[in-house]
Amino acid sequence: MDTSKIAISEQYTIKNPLHSNKYLVNGVLKQWTGETSEVYSNICYTDGAPTLLGSVPDMDSDAANEAINSAVAAFDRGKGDWPTMKVKDRIACMMTFVEKMRPHRDQVVKLLMWEIGKTKNDACKEFDRTIDYILNTIEAYKKLDRKSARFDNQSGIFAHIRRSPLGVVLCLGPYNYPLNETFCLLIPALIMGNTTIFKPAKLGVLLITPLLEAFQESFPAGVVNIVFGRGRKIAAPIMQTGFVDVLALIGHSTSAVALQDEHPFKNRLRLILGLEANNPAIILPDADLDLVVRECISGTLSYNGQRCTALKVLFVHADIVEEFNKRYAEAVDALQYGLPWEDGVFLTPLPEKNKPAYIDGLIKDAVSKGAEVLNKRGGELSENYCYPAVLYPVSTDMRVYQEEQFGPVVPIIPFTNIDEPLDAIAASQYGQQVSLFGKDTKSLGPLIDIFANLVCRVNLNSACQRGPDIYPFTGRKNSAVGTLSVFDALRSFSIRCFVASKDNQYNNEILEKLLASEDSNFINTDYLL
Ligand code: G3H
């Protein structure tokens, strides 16, 4: 497990650290002259030391104010070029951005591997999925706009209804999908006419820097502002101004709550949040065990379990638990651990420095309270990894049950009565997704009906996941606020607004003139091809 002994082929070495001292405010790529933060990878070269990848600005509250002022000025109380622009012109800017983003694929993929330890395959997928997301968002916006290219007439009042932007959006993404999940917030926010401030996560930050120019060259000044640094130093002062209309954050609820608390006008602030999930799997006695093992491996351990949609706990029926445990533990030990760019690698170094010790602590706590580590390699510890431990039987007093591990350790809980997992899920603070494994419709049917009231996606005989991005991604309780999908995100970042006009000759002549002219971008019935 000591990856520092593995030679790194030429193509993947970090020859020159990327020292980026630029940030984007007011349409200008400014030079930062203050403090900087070094960015290290937890993947070590043969000297055993973490690898220096580069550095980024460590900005302060003055820079934060510069960014919020820029976004506020670009929205310009609704008068800005961007919020008043024709939909087709905003789409053209977005297309320009896509074309300018594409050439950076290799560099972004390499940084995804080094910065957050994502496998090459998954890093490529993250980039490509993001491009697809942007293109699909454009198509979805065209459809939405076509539906608005009309007038209603109810009770003698004409209405021309469209979706308008909300104002200034602060976007904060997570380290596990630093490109995709952040852009799934930023892109719909932008295309709907909002102006934005984007602060990359602490890990997965350098990979944003090659895209700064693309943002600058594609959008009008002040529409996209990109700042770097710690949340409490820059996101908090931005919220304190009271000018943020939408907080769009995928990450931990403690950050979301802390930032909301900073905003002086609570009802002004709209929230789009993707938070913790702690998704469970329920494995019924008639489930196809080969399929269950396959899906649970990918569900629990893809990207080392560091996904909000990962399966964090497995409830297995007592009749099959022994057989399941045997097969699953063997499958876990057969997973290939290595560097992200190696062929066939599945488990990779953890990007957070303290994570291996944290996971080790969860394992020790569970073992001290009666759980066993079922797999031979479970808990093997190195500087940057803790090999996935399969823990059985797990009980509610163990930390691994109470905390969302967000890493490579898998708790298994046996059950005899279905009410046991149902009670646990109902009592949980989270409600994103569930995986339900079984075949008999007499058992599955009623369970689906209950889960549909407890979570937002029931995955039948498959692992939990976000995609395809066209489907709604959300959660109940503390798991989310708002719904994201290509289509839903456009709605989440906008509000319905309409021009109402009494159906009389005086008004109708004005409307006809507005429609025949270019005098209003809002009032138009153009059909976007
Ligand atoms: O971290 C949460 C992500 O939304 C998970 O997405 O299910 O596509 O890996 P995914």
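The values are calculated or read from the model by the stated rules, or taken from the named source; none is laboratory data. What you see is a predicted model, and the numbers here were worked out from it, not measured in a lab. All Cβ positions, glycine included, derive from the backbone under ideal geometry; neighbour counts span all protein chains shown.
Listed by first and then second residue, the pairs linking a residue in the stretch 460-481 that is under 24 Å from LEU291 (Cα atoms) and at pLDDT 95 or above to a residue that is away from the ligand (no atom under 11 Å from the Cβ) and assigned to a strand (DSSP E or B), with Cβ atoms under 7 Å apart and 6 or more places separating them unless they lie on different chains, are LEU460/LEU436; ASN461/PHE437; SER462/SER435; ALA463/SER435; CYS464/SER435.
Is it true that some residue in the stretch 220-238 is within 27 Å of LEU53 (Cβ to Cβ), part of a strand (DSSP E or B) and within 16 Å of the ligand (Cβ to nearest atom)? It would help to see each step written out before you state the result.
Let us first name the residues in the stretch 220-238 that are within 27 Å of LEU53 (Cβ to Cβ), namely 224-236, 238.
Cutting the leftovers down to part of a strand (DSSP E or B) gives us 224-226.
The next check asks that each one be within 16 Å of the ligand (Cβ to nearest atom); those that pass are none.
No, the stretch 220-238 has no match at all.
Of everything in the stretch 419-463, what is under 21 Å from VAL394 (Cα atoms) and touching a helix residue (DSSP H, G or I) at 6+ places or on another chain (Cβ under 7 Å)? Give them in sequence order. Those that are under 21 Å from VAL394 (Cα atoms) and touching a helix residue (DSSP H, G or I) at 6+ places or on another chain (Cβ under 7 Å): LEU422, VAL434, SER435, LEU436, PHE437, ALA463. Would it be correct to say that VAL367 is surrounded by fewer than 22 Cβ atoms within 10 Å (Cβ to Cβ) and touching a strand residue (DSSP E or B) at 6+ places or on another chain (Cβ under 8 Å)? It is true that VAL367 is surrounded by fewer than 22 Cβ atoms within 10 Å (Cβ to Cβ) and touching a strand residue (DSSP E or B) at 6+ places or on another chain (Cβ under 8 Å).
Per-residue answers, yes or no, for (1) touching an Asp or Glu at 6+ places or on another chain (Cβ under 8 Å); (2) part of a helix (DSSP H, G or I); (3) away from the ligand (no atom under 16 Å from the Cβ):
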residue	(1), (2), (3)
LEU271	no, no, yes
GLU276	yes, no, no
ALA287	no, no, yes
THR300	no, yes, no
LYS312	yes, no, no
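Within the stretch 385-439, if we keep just the residues that are assigned to a loop (DSSP other than H, G, I, E, B), small (Gly, Ala, Ser) and more than 23 Å from the chain's Cα centre (by Cα), the residue that is surrounded by the fewest Cβ atoms within 10 Å (Cβ to Cβ) turns out to be SER395.
Out of ALA67, ALA74, one residue alone is under 25 Å from LEU144 (Cα atoms), small (Gly, Ala, Ser) and touching a strand residue (DSSP E or B) at 6+ places or on another chain (Cβ under 8 Å). It is ALA74. For the stretch 250-268, the tally of residues that are β-branched (Val, Ile, Thr) and free of Cβ contacts under 8 Å to residues at least 24 places away in the same chain stands at 2.
Against the condition in a loop (DSSP other than H, G, I, E, B), modelled with pLDDT of 95 or more and among the small types (Gly, Ala, Ser), how does ALA258 come out, does it pass?
Numbers: in a loop (DSSP other than H, G, I, E, B): no; modelled with pLDDT of 95 or more: yes; among the small types (Gly, Ala, Ser): yes.
The answer is no for ALA258.
Residue under question is LEU186, and the condition is that it be assigned to a helix (DSSP H, G or I), under 21 Å from ALA236 (Cα atoms) and more than 13 Å from the ligand (Cβ to nearest atom); does it hold?
Working: assigned to a helix (DSSP H, G or I): yes; under 21 Å from ALA236 (Cα atoms): yes; more than 13 Å from the ligand (Cβ to nearest atom): yes.
Yes.
Pairing each residue of the stretch 307-327 that is farther than 11 Å from TYR392 by Cα with any residue that is away from the ligand (no atom under 16 Å from the Cβ) and part of a loop (DSSP other than H, G, I, E, B), provided the two are 6+ apart or on different chains, yields C-beta distances under 7 Å for HIS317/LEU284; HIS317/PRO285; ALA318/THR416; ASP319/PRO285; ILE320/PRO285.
Looking only at the stretch 322-358, filter to residues that are surrounded by fewer than 22 Cβ atoms within 10 Å (Cβ to Cβ), among the hydrophobic types (A, V, I, L, M, F, W, C) and over 17 Å from LYS110 (Cα atoms); which one of those is nearest to the ligand (Cβ to nearest atom)? Out of the qualifying residues, it is LEU335. Working only within the stretch 455-476, note down all residues that are among the aromatic types (Phe, Trp, Tyr) and within 8 Å of the ligand (Cβ to nearest atom). PHE473 - this is the single residue of the stretch 455-476 that is among the aromatic types (Phe, Trp, Tyr) and within 8 Å of the ligand (Cβ to nearest atom). Of all residues assigned to the stretch 469-489, none qualifies as being surrounded by fewer than 21 Cβ atoms within 10 Å (Cβ to Cβ), in contact with a strand residue (DSSP E or B) (Cβ under 8 Å, 6 or more places away or on another chain) and under 22 Å from ILE297 (Cα atoms). Per the listing ASP132, ASP145, the residue uniquely farther than 26 Å from TYR303 by Cα and either surrounded by 17 or more Cβ atoms within 10 Å (Cβ to Cβ) or at pLDDT 95 or above (or both) is ASP145. Would you check if ASN121 is over 25 Å from GLU66 (Cα atoms), of a type outside the set (Val, Ile, Thr) and within 16 Å of the ligand (Cβ to nearest atom)? When the stated conditions are applied, ASN121 passes them. Restricting attention to the stretch 26-53, which residues are among the small types (Gly, Ala, Ser) and over 16 Å from GLY117 (Cβ atoms)? Across the stretch 26-53, the qualifying residues are GLY27, GLY34, SER37, GLY48, ALA49. Scanning the stretch 466-508 for residues that are hydroxyl-bearing (Ser, Thr, Tyr), under 25 Å from VAL244 (Cβ atoms) and in a strand (DSSP E or B) yields a single hit, SER494. Any residue in the stretch 115-125 that is more than 17 Å from the chain's Cα centre (by Cα) and not polar (S, T, N, Q)? Yes: the stretch 115-125 contains one or more residues that are more than 17 Å from the chain's Cα centre (by Cα) and not polar (S, T, N, Q). None of LEU247, LEU284, LEU271 is in contact (Cβ under 8 Å) with a residue 24 or more places away in the chain, buried (at least 17 other Cβ atoms within 10 Å of the Cβ) and within 28 Å of ASN65 (Cβ to Cβ) except LEU247.
On the given criteria, is ALA318 away from the ligand (no atom under 16 Å from the Cβ), farther than 28 Å from TYR12 by Cα, in contact with a Ser or Thr (Cβ under 8 Å, 6 or more places away or on another chain) and at pLDDT 95 or above? Against the criterion (away from the ligand (no atom under 16 Å from the Cβ), farther than 28 Å from TYR12 by Cα, in contact with a Ser or Thr (Cβ under 8 Å, 6 or more places away or on another chain) and at pLDDT 95 or above), ALA318 qualifies. Residue count for the stretch 144-176 under the criterion of being assigned to a helix (DSSP H, G or I) and touching a residue at least 40 places away in the same chain (Cβ under 8 Å): the result is 3.
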